[in-house]
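The values are calculated or read from the model by the stated rules, or taken from the named source; none is laboratory data. Just so it is clear, the model here is predicted, and its values are computed rather than measured. Heads up, the Cβs are rebuilt from the backbone with ideal geometry, glycines too, and the neighbour counts pull from every protein chain shown.
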Amino acid sequence: MDFGSQKLQDCAKALKEIDFDLAYLALLTGEGIKPLSRWEKALDSGVLELLQQMGLLTKQIRRSVQTGKEITETIFSRLPGYIQLYQERFADTPIDKSPETQRLEGFLFGYPACCVDAYIRRPYAPNGLPQQDQKILFHWACTNCKITPLLLPAYKMLHDLLNSY
Ligand SMILES: [Zn+2]
């Protein structure tokens, strides 16, 4: 992504006014730090347009919850294959938190596999990560993670950049 581009800044700013995390996910996904992101709501066409102007493909996915109620998720990615994979696996299926689902989601969302496996065994185990680092991530880092410290500079850069917009 060209962070100097006025168009990108305008889109990111407009998304940030709607929700900081949505704009942050758009930057992380646009940069390829996350292959795919999920927003657990439907988004209107204006918001989808902003994501698309940032170079992202978007798709609304219908899911059901245990009560039988239907919900709509929005996924976005630069990669058509990831959109397709998510759609084929999850469209019109009930939301579940099985280890298999968490592993596939982790893969699609760019979470280190070590962190996903540790989280499945024991969610939110103490990881020694400074709180200000953990809180800008979307995965819970595993104890003494070897991969999360490599990802953090990119997360920090995009988080700071968005704050500056
Ligand atoms: Zn890890």
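Here are the numbers:
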{"item": "Residue count for the stretch 101-151, restricted to those that are assigned to a helix (DSSP H, G or I) and surrounded by 12 or more Cβ atoms within 10 Å (Cβ to Cβ)", "result": "22"}
{"item": "Pair list, Cβ under 7 Å, 6 or more apart: the stretch 89-116 residue without any contact (Cβ under 8 Å) to a residue 24 or more places away in the chain and more than 21 Å from Ile147 (Cα to Cα), other residue away from the ligand (no atom under 16 Å from the Cβ) and in a helix (DSSP H, G or I)", "result": "Arg89/Leu104"}
{"item": "Cross-chain or 6+ apart pairs with Cβ under 6 Å, the stretch 145-157 first and over 12 Å from Ala113 (Cβ atoms) and of a type in the set (A, V, I, L, M, F, W, C), then more than 12 Å from the ligand (Cβ to nearest atom) and outside any helix (DSSP H, G or I)", "result": "Ala154/Ile33"}
{"item": "Residue among Asp19, Asp92, Asp10 that alone is at pLDDT below 95 and surrounded by fewer than 20 Cβ atoms within 10 Å (Cβ to Cβ)", "result": "Asp92"}
{"item": "Selection within the stretch 88-117 - within 16 Å of the ligand (Cβ to nearest atom) and of a type in the set (Gly, Ala, Ser)", "result": "Gly106, Gly110, Ala113"}
